[in-house]
Amino acid sequence: MRRNDPLSRRLRSDPTPVHHSRGSGDPQTEHRQARTGDRRGRRAEARRQGETPDPRAPPRSRGRTQAEFAARGGHDRQAQTALGLAWYDIEAAHADEPAPTGFSSAHLRGFEGVCELYVGDPAAAHDRFERSAEVLSAPREQVQRAIVTTDQALARIRLREPRAAAELLHQCVAAASATGGRVPALRLRQARRELRPWRRADWVADLDDHLMDVLGS
């Protein structure tokens, strides 16, 4: 049954545009500041609403999934609202939840990066991916780290730094091979497609050779 609480209704249909605050005069800086304030406001709103997890959903999964779907669909406002809900889920987690196996803030930084990548600032996305990957160091987190690092390479492509992206993708190829994860392999294929404008470059050919040798793709 579809949930009908106030926050869920707003997440599905809120058409209100994001209002950017006055700041330093630099458009990029003001954009980042406005999005940070907006994200904090949504987190506070989730607390005020007293949002509680759907017992049928995995812990801490609702907001981040909704955020990624909204961002990939180009819906900035809904993505930011869902991120606020996801942060609320983490902050309101019960003390007896098994933290070592739970979804952490490091994971959520990666989802923030995805939202920035599709409906925000690629430079901010790159920074969030980088911070997330640095923290995802446990053996059980290596699949997620491979996903985040591949998304970081996508951000480099969007920043018109394709060669730096290819260098990072070599690491991702090795990680995808070591973990055997399906999602990292799919992300790698997406990143390789976005390198098509540079397909005649030697460094792209080197990446293709690595992909063939390791993944056979």
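The numbers here are math on the coordinates, done by the rules we state, and not lab data. Bear in mind the structure is a predicted one, so any value in this text is a computation, not a measurement. Neighbour counts are summed over all protein chains in view; Cβ atoms, including those assigned to glycine, are modelled from backbone coordinates with ideal geometry.
The sole residue among E112, E130, E116 that is touching a residue at least 12 places away in the same chain (Cβ under 8 Å) and surrounded by fewer than 18 Cβ atoms within 10 Å (Cβ to Cβ) is E130.
On the basis of being touching a helix residue (DSSP H, G or I) at 6+ places or on another chain (Cβ under 8 Å), of a type in the set (D, E, K, R), in a helix (DSSP H, G or I) and farther than 27 Å from E141 by Cβ, does R192 make the cut? So R192 does not fit the description; no. Scan region 200-210 and give yes if some residue there is under 22 Å from A106 (Cα atoms), hydrophobic (A, V, I, L, M, F, W, C), touching a residue at least 24 places away in the same chain (Cβ under 8 Å) and assigned to a helix (DSSP H, G or I), otherwise no. For region 200-210, residues under 22 Å from A106 (Cα atoms), hydrophobic (A, V, I, L, M, F, W, C), touching a residue at least 24 places away in the same chain (Cβ under 8 Å) and assigned to a helix (DSSP H, G or I): absent.
In region 142-163, what count of residues is obtained for those that are without any contact (Cβ under 8 Å) to a residue 24 or more places away in the chain and surrounded by 16 or more Cβ atoms within 10 Å (Cβ to Cβ)?
Applying the first criterion (without any contact (Cβ under 8 Å) to a residue 24 or more places away in the chain) to region 142-163 yields 160-161.
Now restrict to residues that are surrounded by 16 or more Cβ atoms within 10 Å (Cβ to Cβ): 161.
Final tally of qualifying residues: 1.
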